[in-house]
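So the structure is just underneath, and the comments pick up after that.
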Amino acid sequence: MYKRKDGYYKKAKHEGFRSRAAYKLSEINNKYRIIKKGDKVLDAGCAPGGWSQAAISIVGDKGLVVGIDILDISPIEAKNFYFIKGNLLDKETLKKSAEICKEYDTVISDAAPNTTGNKLTDHVNSLELVSTVFNFAKEVLKPEGNFLFKLFDGEDREDFIKQLRTSFKKVKIIRPDATRKNSFEIYVVCQGFKK
Ligand SMILES: C[S@@+](CC[C@H](N)C(=O)[O-])C[C@H]1O[C@@H](n2cnc3c(N)ncnc32)[C@H](O)[C@@H]1O
């Protein structure tokens with residue numbers, strides 16, 4: 001069983017991050033460099049804000065982070081952070097992020113639907129969410145931009161990966177160390193957007 005207060009959870013609290021998820025992003029970024037200083041980043045499904053915090057610290061003062069979630073977050077004190085409250089499946093929500101910034105260097109999405117206990121349903125819901133974010137990412141990503149997302153793994157993954165390969169030069173499936181061992185979530189890193 002998953003123990004909520006595991007090592008990464010305690011480390012996150014100690015270091016001022018809102019969630020253990022912040023380490024997944026740092027871990028992935030250390031390896032793939034999908035976010036750099038000065039970048040503009042869209043964080044889809046950002047609550048409680050760990051990835052946004054980690055992204056803000058990477059992009060620095062000259063960068064920008066826009067976070068979206070259906071849930072509220074407690075304010076993040078950074079001049080270059082904007083929060084949009086809304087449902088990602090509602091077109092208006094994503095459009096608002098394009099009003100703040102027309103072109104992003106990187107889109108990250110840790111968005112996850114509520115799990116039902118049925119792996120197929122969870123996979124299908126997760127894919128619907130991430131496909132919506134992907135379609136939007138194609139509109140707002142800069143050429144050579146990056147896209148990182150979480151997916152509840154399942155049988156339609158391969159078809160989706162094929163679609164991603166038509167839009168990005170490199171697509172890689174990863175399972176970061178900060179992911180719980182028995183989880184069926186995977187992360188996919190897409191680099192080099194072909195606009
Ligand atoms: C695992 S959490 C993200 C954690 C975050 N990366 C962090 O580091 O704090 C997944 C988030 O996706 C959000 N989410 C799920 N479905 C959504 C939807 N349709 N629209 C907006 N947000 C959604 C949830 O509300 C939840 O906050």
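Details
- With the simple model of a label 7 Å out from the Cα in the direction of the Cβ, SER57 to GLU158 spans 4.0 nm.
- Karplus-derived 3J(HN,Hα), 6.51/-1.76/1.60, for each residue of segment 100-114, Hz, glycine and proline x: 6, 8, 6, 9, 10, 7, 9, 10, 10, 9, 9, 4, 9, x, 4
- Relative contact order [Cα under 8 Å, 6+ residues apart], segment 98-160, whole percent: 49
- Solvent exposure of segment 91-167 amounts to 50 Å² per residue of accessible area, where only protein heavy atoms count and the probe is 1.4 Å.
- Computed lengthening from ASN87 to GLU144, 0.36 nm per intervening residue step minus Cα-Cα distance: 17.8 nm
- Averaging 1/r across all pairs of distinct Cα atoms in the chain and inverting the result yields a Kirkwood radius of 16.7 Å.
- Three-way shape label, segment 106-157, alpha-carbon gyration tensor, a/c 1.5: prolate
- Paramagnetic reach from ASP72 in segment 40-54 [backbone N under 17 Å; point 7 Å along Cα→Cβ]: 46-49
- Stretching the chain fully between ALA98 and ASN135 yields a gain of 12.0 nm (0.36 nm per residue, less the alpha carbon separation).
- The packing ranking of peptides 48-60, 102-114, highest mean first, is 48-60, 102-114, where packing means the average number of other beta carbon atoms within 10 angstrom of each residue.
- For segment 122-128, 3J(HN,Hα) per residue [Karplus equation, 6.51 cos²θ - 1.76 cosθ + 1.60, θ = phi - 60°, Hz, x = Gly/Pro]: 4, 5, 4, 5, 5, 5, 4
- Sulfur and carbon atoms: percent of accessible area, the chain [1.4 Å]: 50
- Averaging the sequence gap over all C-alpha pairs within less than 8 Å and six or more residues apart, then dividing by the number of residues, gives the chain a relative contact order of 18 percent.
The values are calculated or read from the model by the stated rules, or taken from the named source; none is laboratory data. From a predicted model like this one, the values you see are computed outputs, not experimental measurements. A quick note on method: Cβ atoms are made from the backbone with ideal geometry, for glycine too, and the neighbour counts reach across all protein chains shown. Surface accessibility is based on the protein's heavy atoms, side chains included, excluding ligands, DNA and RNA. Shrake-Rupley method; radii C 1.70, N 1.55, O 1.52, S 1.80 Å.
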